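Read the structure below first, then the notes.
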Amino acid sequence: MAAPIPNEALAHGVRAAFGSAARIVVATPLAGDASNRRYVRLALSGGTAPPTVVAMLLDGARQISDELGGPDANAEVPFVNVGRYLAAHELPVPGVYLARSSEGFLLLEDVGDTTLWRAVEAAPARAAPLFAAAVDLLVDLQVIGTRHPDTTCVAFSQRFDGRLARLELEHFVEHGIETRHGRKLPGRERDELLAALAPVVAPFESAALVLAHRDYMAWNLHVQGERLRVIDFQDALLAPDAFDLAQLLTDRTTGTIVSPALEETLIARFVAGRAAAGLPLTEGFDDRYRLCGLQHALKVIGRFYFLEVVKKKPGYLAYLPAVYAVAHRLLASLPALAPARALMAPHVPELAAETS
């Protein structure tokens, strides 16, 4: 059961941020995500308060991904730390009105409920221009991170490297196979499968990593008019150049909106954008894109079994047919993964190669 909304603390925070006359009129919980963070929209009145703000409730949860380790309890909340860096370089992130991490909440600018996904689902004709804007924004992020590294921003001290990529593949095996079937794989078979998946790790072992959002997908981009706003950037780190793009264009059911032709157009736009900024991509980008997309899809398969079966959070397995389809398509384009595909097929038949 979720902890109650800390109404008294939020009321004090609203007055601290917007003056003694400011008050909360209505507090409305917002739909959550796979993290331990919760969000509440506060309708306000009085003082200098805007009509609404969003309270991020930290609930004592770790504020940086467990796989990365992270700062101690007294360190600055990564959302605030990374957000300050992004805002300083004019990237469209929500403003922070008040940070009270010791009391378990932040007061944030309200960027609305219209995610990129919802916008294009409601108006499919907007898919091409809105996803193009998301690609352009991603180019901006990589260019800024490359030209303006900042050791005070926690993102530059975290790396999505080969170690972390392997951990997520192990998570796929543990939950996407073992939890799914309710039994452990024999040790030798498990080791053989992980060894066959080694090519997936290759892009993550490059020294040429760039600033990445880590969860750059249509659910974490909000649309305000024709402008995009970026949320959930607290896990930003250094990652392969294809990582965020692959997540954006291959996540969950994105394939129902982004056709193969549009995907190719958007990849070409990204490549051209990097080149125009004086940061041309190195050889092998197409393979890095496919490998990063596959790594993400396998991670999601494991993650969703973990959330639904182990953590008892219902609804995640309903997304898996689309994720299996993404992984199946990417595996078909990566001949080096044929041995891994054959080893996975008995346990994950959705990924088996087509038979003639």
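Annotations
- Taken along its three principal axes, the alpha carbon spread of region 251-351 comes to 47, 30, 22 Å, from the longest extent down to the shortest.
- Per principal axis, descending, Cα span of region 234-303 in whole Å: 37, 29, 24
- When region 116-351 is described by a simple charge dipole with +1 on each Lys and Arg Cβ and -1 on each Asp and Glu Cβ, the residue from LEU334, ALA207, LEU279 located farthest towards its positive end is LEU334.
- Structure-based [θ]222 nm, the chain - -39500 (n - 2.57) summed over DSSP H runs of at least 4, per residue, nearest 500: -12000 deg cm²/dmol
- For the chain, a simple Cβ point-charge model (Lys and Arg +1, Asp and Glu -1, everything else neutral) yields a dipole of about 620 debye relative to the Cα centre.
- Per-bin percent of Cα-Cα distances, region 108-264 [5 Å]: 2, 8, 15, 17, 16, 15, 13, 8, 4, 2, 0
- Length available on full extension from ALA122 to GLU90: 0.36 nm per residue minus the Cα-Cα distance, which gives 8.7 nm.
- Mean separation of Cα contacts under 8 Å (6+ apart) over length of region 116-351, as relative contact order %: 27 percent
- Calculated over the chain: convex hull of Cα atoms, volume per residue (Å³): 148 Å³
- Treating r as the C-beta distance of ASP191 and THR114 and R0 as 51 Å, the FRET efficiency rounds to 0.65.
- Among 179-190, 245-256, the order from most to least packed when residues are scored by Cβ within 10 Å on average: 245-256, 179-190
- Local electrostatic count, ILE144, Cβ distance below 15 Å [Lys/Arg +1, Asp/Glu -1]: -3
- Ranked by the mean number of other Cβ atoms within 10 Å per residue, highest first, peptides 347-353, 210-216 order as 210-216, 347-353.
Values in this text are rule-based calculations from the coordinates and carry no lab data. Note that this is a predicted model, so its numbers are computed, not measured. Backbone-built Cβ (ideal geometry, glycine too); neighbour counts: all protein chains shown.
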